[in-house]
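Sharing a structure with you now.
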Amino acid sequence: MRGIDVNSVNSSGETALQLSLRNGYDRITRFLESQGALYPKNMEQESNIFSSVRQNRDSCKINIRRLENAVDMYNLGRSKKRRIRGKVRFSEIKDRIGLYLDSGKLPVCPDGGVYCFDPKTGAWCSVHGDPDQ
């Protein structure tokens, strides 16, 4: 069995490998377009998509602020040895900061991210990142 000669060049100057990749990309793009999965069908749908993304990011940012405030409240008045130190996931310290959160439960990222904390940089989300950037 013989493979593709990746060094051969067509009249457009494309190698067989480049041509194969472009054809595959074009097929995938046509399929996604036919399924309506690649582009919104209308401006209202596009607006709803961006609005949802923005709302989730904003909700995440609010959650991160709440978590940072809970850590600050926990650390307030505690000796350095008893403060939250080092990089941790909030799920690892929920028992310590739960008293300082509304309802005592950790907030959840709307896009499924994991909230983490570092005393030097603050809190961040594995999906949305640092809320200050």
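For the stretch 108-124, what are the residues that are surrounded by 18 or more Cβ atoms within 10 Å (Cβ to Cβ), in contact with an Asp or Glu (Cβ under 8 Å, 6 or more places away or on another chain) and not aliphatic (A, V, I, L, M)?
Residues satisfying the conditions are 117, 124.
Which of the residues belonging to the stretch 71-88 are in a helix (DSSP H, G or I) and open to solvent by less than 70 Å² (accessible area, probe 1.4 Å)? Quick ask: steps written out before the conclusion?
Step one: filter the stretch 71-88 for residues in a helix (DSSP H, G or I), giving 71-75, 80-82.
Across the stretch 71-88, the qualifying residues are 71, 74, 75.
Restricting attention to the stretch 18-48, which residues are modelled with pLDDT of 60 or more, hydrophobic (A, V, I, L, M, F, W, C) and open to solvent by less than 80 Å² (accessible area, probe 1.4 Å)?
19, 32
Could you check how many residues of the stretch 1-17 are acidic (Asp, Glu) and modelled with pLDDT under 70?
Residues in the stretch 1-17 being acidic (Asp, Glu) and modelled with pLDDT under 70: 1 in total.
For the stretch 89-100, what are the residues that are surrounded by fewer than 15 Cβ atoms within 10 Å (Cβ to Cβ) and closer than 12 Å to residue 122 by Cα?
Of everything in the stretch 89-100, just one residue is surrounded by fewer than 15 Cβ atoms within 10 Å (Cβ to Cβ) and closer than 12 Å to residue 122 by Cα, namely 89.
Among the residues of the stretch 101-133, write down those that are touching a strand residue (DSSP E or B) at 6+ places or on another chain (Cβ under 9 Å), without any contact (Cβ under 8 Å) to a residue 60 or more places away in the chain and assigned to a strand (DSSP E or B).
115, 116, 117, 118, 123, listed by residue number.
Among the residues of the stretch 49-61, is any at pLDDT below 70 and in a helix (DSSP H, G or I)?
Yes, because at least one residue in the stretch 49-61 is at pLDDT below 70 and in a helix (DSSP H, G or I).
The values are calculated or read from the model by the stated rules, or taken from the named source; none is laboratory data. These numbers were taken from a predicted model, which means no experiment stands behind them. Using ideal geometry, Cβ is built from the backbone for each residue, glycine included, and neighbour counts are taken over all protein chains shown. Ligands, DNA and RNA are excluded from the accessible area calculation, which covers all protein heavy atoms including side chains. Shrake-Rupley method; radii C 1.70, N 1.55, O 1.52, S 1.80 Å.
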